[in-house]
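Before anything else, here's the structure in question.
The values are calculated or read from the model by the stated rules, or taken from the named source; none is laboratory data. On a predicted model such as this, the values are computed, not experimentally measured, just so you know. No Cβ is skipped: glycine too gets one built from the backbone with ideal geometry, and neighbour counts run over all protein chains shown. Each accessible area value is taken on the protein alone, full model and side chains, heavy atoms only, with ligands, DNA and RNA left out. Shrake-Rupley method; radii C 1.70, N 1.55, O 1.52, S 1.80 Å.
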Protein chains: 2
Amino acid sequence: MNQDYIKPNPWSLIEEGFETDRVKSSESLFSIGNGAMGQRANFEEYYSGDTFQGSYIAGVYYPDKTRVGWWKNGYPEYFAKVLNAPNWIGINIHVNEQALDLATCKKVTSFKRELNMKEGWYIRSFQATLPNDIEVKVDVQRFLSLDLDELGAIEYKLTVLNSDANIRMTPYIDSGITNEDSNWDDKFWNTTSVASIGNRAFIEAHTMKTNFATCTFMEATAEVNNQMIEVLELQDEELVVGCQFQHELKTNETITLTKYGGYTVSTNHKPSELIDAANHLLNEASELGFEVLLKKQKQTWAAIWEMSDITIEGDVKAQQGIRFNIFQLNQTYLGKDSRLNIGPKGFTGEKYGGSTYWDTEAYCLPFYMATKNQEVAWSLLEYRYNHLEKAIENAKKLGFSNGAALYPMVTMNGEECHNEWEITFEEIHRNGAIAFAIYNYYRFTGDYSYIPEMGLEVLIGIARFWHQRANYSSKKKKFVILGVTGPNEYENNINNNWYTNYLAKWCIKYTLKQLQKVKDGYPVDYDRIIAHTKLTSDETDLWDEVASNMFFPFSKKHQIFLQQDGFLDKELIKVNDLAKSDRPINQKWSWDRILRSPYIKQADILQGFYLFEEDFSIEELEKHFDFYEPFTVHESSLSPCVHSIQAAKLGRMDQAYTFYLRTSRLDLDDYNKEVEEGLHITSMAGTWMSIVEGFGGMRVLEDKLCFTPQIPKQWKSYSFKVNFRNRIIKVSVSVDNTSFELTGQEEMSIRVNNQRVILLPGKQVNV
Amino acid sequence: MNQDYIKPNPWSLIEEGFETDRVKSSESLFSIGNGAMGQRANFEEYYSGDTFQGSYIAGVYYPDKTRVGWWKNGYPEYFAKVLNAPNWIGINIHVNEQALDLATCKKVTSFKRELNMKEGWYIRSFQATLPNDIEVKVDVQRFLSLDLDELGAIEYKLTVLNSDANIRMTPYIDSGITNEDSNWDDKFWNTTSVASIGNRAFIEAHTMKTNFATCTFMEATAEVNNQMIEVLELQDEELVVGCQFQHELKTNETITLTKYGGYTVSTNHKPSELIDAANHLLNEASELGFEVLLKKQKQTWAAIWEMSDITIEGDVKAQQGIRFNIFQLNQTYLGKDSRLNIGPKGFTGEKYGGSTYWDTEAYCLPFYMATKNQEVAWSLLEYRYNHLEKAIENAKKLGFSNGAALYPMVTMNGEECHNEWEITFEEIHRNGAIAFAIYNYYRFTGDYSYIPEMGLEVLIGIARFWHQRANYSSKKKKFVILGVTGPNEYENNINNNWYTNYLAKWCIKYTLKQLQKVKDGYPVDYDRIIAHTKLTSDETDLWDEVASNMFFPFSKKHQIFLQQDGFLDKELIKVNDLAKSDRPINQKWSWDRILRSPYIKQADILQGFYLFEEDFSIEELEKHFDFYEPFTVHESSLSPCVHSIQAAKLGRMDQAYTFYLRTSRLDLDDYNKEVEEGLHITSMAGTWMSIVEGFGGMRVLEDKLCFTPQIPKQWKSYSFKVNFRNRIIKVSVSVDNTSFELTGQEEMSIRVNNQRVILLPGKQVNV
């Protein structure tokens, strides 16, 4: 926990004071991104202190050789690592030939960072006394353009305060970077050309093995009192290139260096035209200038917030928390490119490798569906369709056949990027989340077209997998699914994880229904799909047999479904009865002790009750919540949001609020003391769900948008908007009133607290 | 499989013909060792072809930094690696300044290796045409002295066949070695001094971290026609030192180089006296001379064989197989030093790390008890007593308390050397094997003294572990043991592995009995132990409650115990019904597929029936054998021996013989295509058990030695000896007769086929 280090503020993250211990944490928290690239909030000038340098280009990866202690058949030999990309932000500063380095300054005062979430920019300012006793004041502003998403801009202002001084500024780009999490210290980048022309510079480098060609580029200008400073050539080094500006600055005079930089990449350009494309971008940027680019940035962010903002009155920390989550999700993924996805650390770190987890379908999709046009959600679904062949290959590698598909646990390009057998091979419920997302997309958007076009093939591959993965137990006289890990990763290689079995059954039944629907409504697509998949009714009969006879562990005594066959054999001591010194168990206990304990890392059966809530009564939910919640330790960032939603549904608002706080300020308050490694991006969508689906009670039932609004007693009011089938509804909830406002032309019928409510365009309706 | 590469021969391994592909395999098979050190059969002269260099000193290890893909709490940060030691066998040969290198010779003929198991020496001979067309004949003989176990000797004879030639021979020692299985390419050795004086040379080096100081030493002499050749000085290199001999050899003349070498180590000498000790040894060796040393070697091996040989008439491959197994066990461990143990690869390779597995107690102990004086078995037990404190620490690390002990899965010095959670943390049945060995030692030797002196404390630590590791299942109303891996490592993290639960119960009950027995018979020891362990009757009451109410999964339908709770939920397809292309499953199938299959890597319940056979009727054994054997794939070298014994017990001699062949020639015929990595030493003791306990039916029942002799139809006769309570009995079994011969003074009563038989000293008794 790290409260009050980030000042409470509704729209900004603000840090005041320079603490070397906090540098890496702040580098994560103040990260900026624009969906196409992103970077940690590293200093522009040289810094000899402890830092974690990170710049990332979306979709650019390296297949690192797998590292294991003991090899298991089925492990991927290589897997995709998010790659640290060449650095374009560097600006070295010398004052009377003394390097400015915050780690060696005699004094640093007025140090401040601000990440302005409303407008999408980051500033840093400080005053420092250099070892040569010269005092300088520095103000830097930086942003990554949302409009020109290969471009970033920096304005670096330096003032000398206590004497005249010779200032030398060296903006540069550098491809001599490494990954902190490299397995074997492989060289990931091969630099092929380094060039500077006047105030521009270019480094062409391609990734080893994957051969992504990139051009890292920059342009810099400097001025004092509106006078441009002459650019000096810098000797090109092997991996570093740039230019230089030198000026005799008078006391209290300011030199302003403006730097544009970024990447052009072979994913979007011909490899031979990367420098041309970079020059083109730099021409555009210098024509517009820093101020105009910044103005556009503010406008674009305003448009994003217009649709996705959640306001909270009366609780500034909750307000800051939810905006930080929404801001980071938008920095990470904007849905412009179906090759990209939502990495668990976004552009804020490189831990885990790969970019895509089941988090995308289970947690992120609802956020993007409700706050963007539906093309964004389509992109996320299309991503999985594009990986279908690789998912089939992946299943084949593990012994499945006939087009059965197992999507990887973690992936970048469709190939598996993970190597813990109990996860990689056994956490197969991920396949179900991908199928559920197809259903969820149709349920929310009303757009069926994805299913005949792409989705049905994905569903067939997944249904085939479940059919093959289950086996008949002659003892239980039911189909069982053995050797799995459920969402609760604190149980491995268990039998009949209720969540997994339920999803498996649902996937098959849903696929069978869609087969019929596509056959009836889209005969051309149906014929194409049947021809391609060679699906027969004999096969679907077998699927149906498995789904109809699936086993679900159930306790008659407790009248609850069991998380897995052996759950009741455990020693059922509740979390509250554990000594404090035993928590968090993932730090205090050995792995085997965790595994045989009843403690649940994240919602498992309750996750199933969340996805399939219509299948269960409120009494059943209550019984399962009361049974399982006391064993849940929430040591996954994905757990509290589901519990918050379920607690709200049960009318337990205090509990719901506690869970909400835990999810929304996880990184800001650094609950797990690991924010320096990067942010927890995907769970941020869960925070959004806690408010909209938890407190707001938003659901889609029988094609209707429904709400059961509640408000935590700590809040005066809150509001959010959703885009439901291209109609924008703003929902405002206060202690004694809920109002709805509909944008557009036509009226719309919704349900509030199970009552029908008609919304008229432009008219506020109070309930 | 690699049949007929090693010529069938009752007493020797013979290889004929030079095949570069076989060099690494032969280096393993022709390995020599003397319990204190050992080496792969690497060539003395330089060899540029594919080779795996290995020299090992017993007990000298390095704590290598653990390598894992994903860290789990409880993993050891470092673990002991068997260390490749400096090489002392090297003798480089130049013929007219052309290096002799078998990989570059124009022609190699008459290449032959022989490992003479009867006399304990290894020869290699060949004729070769060098690139300069000179033909040479080489005969090398090498052995590691059993009497001076820090010393080895080489006689290297070279004859020029087709012209006169200048011969330069360079015997050297070299500490520039590396481990093939190093995790991080750490430097393991630090060389501190390199010196040569005349024809002697010394390298002092110590291991990094563990700081074992060693002196690698050598002395060489050379002669032609009984004329000594003058020794020339060699310039010392950083890590290499030696001397040189040069001679103008006439056609058909022979130069003979004799080299003594070896190691003195700080485990047996003061670090400052290593060179003195080496000089002392070299004085002794050169005084005795090669021939006398070799004669002593033959005598010592004769004494070993006198006691441990098994003869088989009518089946030379079976004969060669069993002798190879007995020979290797004796090369690996002689029981002289209780700090040492029986490494799974002995001195033949470095795979796995650590030296001690539960193999020692479960498989090797019976061999050493029956073929050596009982001090050897005592040494093996004492080893575990000496590691008790570390076993308690190890358990503590995993969350146990109050002196509970968990012995490591793999160890060198008592610390854990393994890092697969499903093995390291969960294959806890090893603890039971250690307790069983204490019982087995007393049962076989009749010597109770180990228990009050040392064993009871070990038993208390183990009983405490089982008591804490079990938990009460309110569902089953019994104590359960969750999350284990049984001997069948093809099931992980299972609940209520019958074998583990049975051992746990037995351990507690046995410990309670021994507590009473020591209290009654050894009150001083008892008081000491109770004071030290702080054991109370409250605690032992709790143990007893757990043991008395242990759960054992049982199938009413099949009337068998289940290997674990979920076994019958599996798809029970027998091994014979698997496609050939699916075998071996550990190469063909992904790990998850193996885990959810019913296939058994090695005897599990049948292993329990082996250890506790008196607790079960022959009908029960048959039922369990018939149920489980068809699912057993024997992909562990430790599996066929137990099945051979059980099949013999059931009178199924054909099956027993098939299992015997599989275990006895595993390495000779290279069943698993991995012999080049080293030999499977510990399972060799299982081969011995297959004959003595399987075919011979030897048991100790109620203090009496018992036999139920049978003979495979492929054999004419076989014989073996056992040392039972310091009485040597020779058992000879032929198709129609079994005879017993007792050595010593007193008569002795045994049981044969459940009939009492009186043996009189020196008199053959036929049954």
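Please sort B:207-219, A:438-450 by packing, taking for each peptide the average over its residues of neighbouring beta carbons within 10 angstrom, highest first.
Packing order, densest peptide first, comes out as B:207-219, A:438-450.
Let me ask you something else. Taking only the Cα atoms of chain A, how large is their convex hull per residue, in Å³?
Values: hull volume 130.1 nm³, N = 767.
Enclosed volume per residue, from the Cα hull, is 170 Å³.
Give me the one-decimal nm value for the distance between modelled label points at A:Trp184 and B:Thr300, 7 Å along each residue's Cα-to-Cβ direction.
A separation of 4.3 nm, rounded to one decimal place.
Amide H of B:Ile428: which non-local residues (sequence gap of 5 or more, or other chain) have their own amide H closer than 5 Å, using H built in the peptide plane?
B:Thr485
Moving to a separate point now. Over the Cα atoms of the range B:716-758, each weighted equally, I'd like the Debye log10 I(q)/I(0) at q = 0.18, 0.22, 0.25 Å⁻¹, rounded to two decimals.
Summing over Cα pairs of the range B:716-758 leads to -0.54, -0.79, -0.96.
Where both partners of a DSSP beta bridge lie in chain A, what percent of those bridges are antiparallel, to the nearest 5?
95
Rounded to whole Hz and in sequence order, give me ³J(HN,Hα) for the range A:751-756 from the Karplus expression 6.51 cos²θ - 1.76 cosθ + 1.60, θ = phi - 60°, writing x for Gly and Pro.
10, 10, 6, 6, 10, 6
Have a look at B:Asn431, A:Ala318, B:Ile14 and report the one farthest towards the positive end of the charge dipole of the protein assembly as shown, computed about the Cα centre with Cβ charges (Lys/Arg +1, Asp/Glu -1).
Most positive-ward Cα: B:Asn431.
How about the range A:48-72: which of its residues lose at least 20 Å² of accessible area in the presence of all protein chains relative to their chain isolated, using a 1.4 Å probe?
A:Arg67, A:Val68, A:Gly69, A:Trp70, A:Lys72
Looking at the range A:676-706, which GluC sites (Glu not before Pro) are DSSP coil and have at most 16 other C-beta atoms within 10 Å of their C-beta? Intermediate results must be reported in sequence, preceding the final value.
Details: sites: A:Glu676, A:Glu677, A:Glu693, A:Glu702; in loops: A:Glu702.
Filter output for the range A:676-706: A:Glu702.
Taking 0.36 nm per residue of separation and subtracting the Cα-Cα distance, what length does fully extending B:Lys673 through B:Thr210 add? Walk me through the intermediate numbers first.
On the way: separation 463, 0.36 × 463 = 166.68 nm, distance 3.42 nm.
Gain on extension, B:Lys673 to B:Thr210, equals 163.3 nm.
Could you give, in nm with one decimal, how far A:Glu238 is from each other copy of that position, shortest first, with labels 7 Å out from Cα toward Cβ?
2.2
Given the rotation relating B and A, tell me which residue in B puts its Cβ closest to the axis and the distance in Å.
B:Asn493, 2
Which FRET efficiency value, to the nearest 0.05, is calculated for B:Phe616 and B:Lys509 with the Förster distance at 22 angstrom and r the Cβ-Cβ distance?
So the FRET efficiency works out to roughly 0.85.
I've got another one for you. Do any trypsin sites (Lys or Arg not before Pro) in the range A:325-394 lie in a DSSP loop with no more than 10 other beta carbon atoms within 10 Å, and if so, which?
Values: sites: A:Lys336, A:Arg339, A:Lys345, A:Lys351, A:Lys372, A:Arg384, A:Lys390; in loops: A:Lys336, A:Arg339, A:Lys345, A:Lys351, A:Lys372.
Loop-located and lightly packed - none at all.
Taking θ = phi - 60°, what integer Hz values does the Karplus form 6.51 cos²θ - 1.76 cosθ + 1.60 yield along the range A:378-393, in sequence order, with x for Gly and Pro?
Working through the residues one at a time gives 4, 4, 5, 6, 4, 3, 6, 4, 5, 9, 4, 4, 5, 5, 5, 4 Hz.
Still on this structure, please answer the following. Solvent-accessible area per residue for chain B at a 1.4 Å probe radius, Å²? Before the final figure, lay out each step's value.
Values: 27160 Å² over 767 residues.
Normalised by residue count, the accessible surface of chain B is 35 Å².
List the extent of the Cα atoms of the protein assembly as shown along each of their three principal axes, largest first, rounded to whole Å.
115, 79, 71
Only helical DSSP H runs with n ≥ 4 go in: add -39500 (n - 2.57) per run for chain A, normalise by residue count and round the 222 nm mean residue ellipticity to 500 deg cm²/dmol. Provide the component values of the computation, followed by the final result.
Working: 19 runs with 230 residues, N = 767.
Taking each H run of at least 4 residues, the total per residue is -9500 deg cm²/dmol.
Here is a further query. Computing the accessible area with a 1.4 Å probe over protein heavy atoms, can you report the carbon and sulfur percentage for chain B?
Working: 12580 of 27160 Å².
The nonpolar share, carbon plus sulfur, comes to 46 percent.
How much FRET efficiency would the formula 1/(1 + (r/R0)^6) give for B:Thr251 and B:Asp50, where r is the Cβ-Cβ distance and R0 is 45 Å, rounded to 0.05?
On the way: r = 33 Å, r/R0 = 0.74.
Once rounded, the FRET efficiency stands at 0.85.
I would also like to ask the following. Assigning unit charges at the beta carbon (Lys, Arg +1; Asp, Glu -1) and nothing else, what dipole magnitude in debye, to the nearest 20, does the protein assembly as shown show about its Cα centre?
Values: 160 positive and 208 negative charges, 1030 e Å.
Rounded to the nearest 20 debye, it is 4940 debye.
Just want to confirm a number: the relative contact order over chain A, from Cα pairs under 8 angstrom separated by 6+ residues, in percent. Walk me through the numbers on the way to the answer.
Numbers: 1689 pairs, mean separation 94.2, N = 767.
With pairs under 8 Å counted, the relative contact order is 12 percent.
Based on the Cα gyration tensor of the range A:12-308, what are the three equivalent ellipsoid semi-axes, each the root of five times an eigenvalue, rounded to whole Å and given largest first? If you can, show how the numbers build up before the last one.
Numbers: eigenvalues 201, 97, 85 Å².
Here the semi-axes work out to 32, 22, 21 Å.
Apply the Karplus curve 6.51 cos²θ - 1.76 cosθ + 1.60, θ = phi - 60°, to the phi angles in the range B:560-574 and return the couplings in whole Hz, x for Gly and Pro.
Going residue by residue, I get 9, 6, 8, 4, 6, 3, x, 4, 6, 7, 6, 7, 8, 8, 6 Hz, with x marking Gly and Pro.
Once you charge only the Cβ atoms, +1 for Lys and Arg and -1 for Asp and Glu, what is the size of the charge dipole of the range B:200-257 about its Cα centre, to the nearest 20 debye? Please report the intermediate quantities before stating the final value.
Working: 3 positive and 10 negative charges, 52 e Å.
Once rounded to the nearest 20, the dipole reads 260 debye.
Now, a different point. Name the residues of the range B:482-504, by number, that are at least 30 Å² less accessible with every protein chain in place than in the isolated chain; the surface is that of heavy atoms, probe 1.4 Å, without ligands or nucleic acids.
B:Leu482, B:Asn493
Summing Lys, Arg as +1 and Asp, Glu as -1, what charge do residues with Cβ under 15 Å from the Cβ of B:Ser163 carry, B:Ser163 excluded?
Numbers: positive: B:Lys106, B:Lys137, B:Lys250; negative: B:Glu97, B:Asp133, B:Glu135, B:Asp164, B:Glu248, B:Glu253.
With Lys, Arg at +1 and Asp, Glu at -1, the net is -3.
At a probe size of 1.4 Å, how large is the accessible area of A:Lys118, to the nearest 10 Å²?
For A:Lys118, solvent-accessible area is about 100 Å².
Taking 4 °C and 1.567 mPa s as the conditions, I'd like the Stokes-Einstein D for the range A:577-637 in µm²/s, using the Kirkwood hydrodynamic radius from alpha carbon pairs. Write down the numbers at each step before the final one.
Working: Rh = 12.8 Å.
In µm²/s, the coefficient is 101.
How far apart are the A:Asp703 label points across copies, placing each 7 Å from Cα toward Cβ, in nm, shortest first?
9.1
Shifting gears a bit: To the nearest 0.05, what FRET efficiency results for A:Glu545 and B:Asn402 with a Förster distance of 51 Å applied to their C-beta separation?
Numbers: r = 53 Å, r/R0 = 1.03.
Calculated transfer efficiency: 0.45.
Would you kindly state how much longer the chain becomes between B:Ser581 and B:Arg67 on full extension, computed as 0.36 nm times their sequence separation minus their alpha carbon distance, in nm to one decimal?
Details: separation 514, 0.36 × 514 = 185.04 nm, distance 3.26 nm.
That works out to 181.8 nm of additional length.
Further question: Of B:Ser474, B:Tyr599, B:Val140, which is farthest towards the positive pole of chain B's charge dipole, taken about the Cα centre with +1 and -1 on the beta-carbons of Lys, Arg and Asp, Glu respectively?
Farthest along the dipole direction, towards plus: B:Ser474.
Sort shortest first the distances from B:Thr300 to its counterpart in every other copy, using label points 7 Å along the Cα-to-beta-carbon line, and give them in nm.
8.1
I'd like to know which of A:Ala103, A:Thr192, A:Trp305 lies farthest towards the positive end of the charge dipole of the range A:12-308, counting +1 on Cβ of Lys and Arg and -1 on Cβ of Asp and Glu.
Selected residue: A:Trp305.
Let me know the charge dipole size of chain A about its Cα centre in debye, to the nearest 20, where only the beta-carbon of Lys, Arg (+1) and Asp, Glu (-1) is charged. Walk me through the intermediate numbers first.
Values: 80 positive and 104 negative charges, 516 e Å.
Result for chain A is approximately 2480 debye, rounded to the nearest 20.
Determine the alpha carbon to alpha carbon distance for each of B:Lys7/B:Lys298; A:Lys534/A:Lys704; A:Lys475/B:Lys601; B:Lys570/B:Lys623; A:Lys588/B:Lys345; A:Lys574/B:Lys397 and list only those over 25 Å. Walk me through the numbers before you get to the answer.
Numbers: B:Lys7/B:Lys298 22 Å; A:Lys534/A:Lys704 37 Å; A:Lys475/B:Lys601 23 Å; B:Lys570/B:Lys623 19 Å; A:Lys588/B:Lys345 36 Å; A:Lys574/B:Lys397 23 Å.
Beyond 25 Å: A:Lys534/A:Lys704; A:Lys588/B:Lys345.
By how many nm would the segment from B:Lys107 to B:Val767 lengthen if fully extended, with 0.36 nm per residue of separation less the alpha-carbon distance?
Numbers: separation 660, 0.36 × 660 = 237.60 nm, distance 5.83 nm.
Result: 231.8 nm gained on full extension.
Explain nothing, just the number: relative contact order of the range A:12-308, from Cα pairs under 8 Å at least 6 residues apart, as a whole percent. All intermediate terms of the calculation are to be shown ahead of the outcome.
Details: 705 pairs, mean separation 51.6, N = 297.
Dividing the mean separation by the residue count of the range A:12-308 yields 17 percent.
At a threshold of 8 angstrom on Cα-Cα distance, excluding pairs fewer than six apart, so keeping six or more, what relative contact order does the range A:628-767 reach in percent? Spell out each step's value before the answer.
Details: 228 pairs, mean separation 22.6, N = 140.
The normalised contact order for the range A:628-767 reaches 16 percent.
Between B:Asp236 and A:Arg339, what is the label-point separation in nm under the 7 Å Cα-to-beta-carbon projection?
6.2
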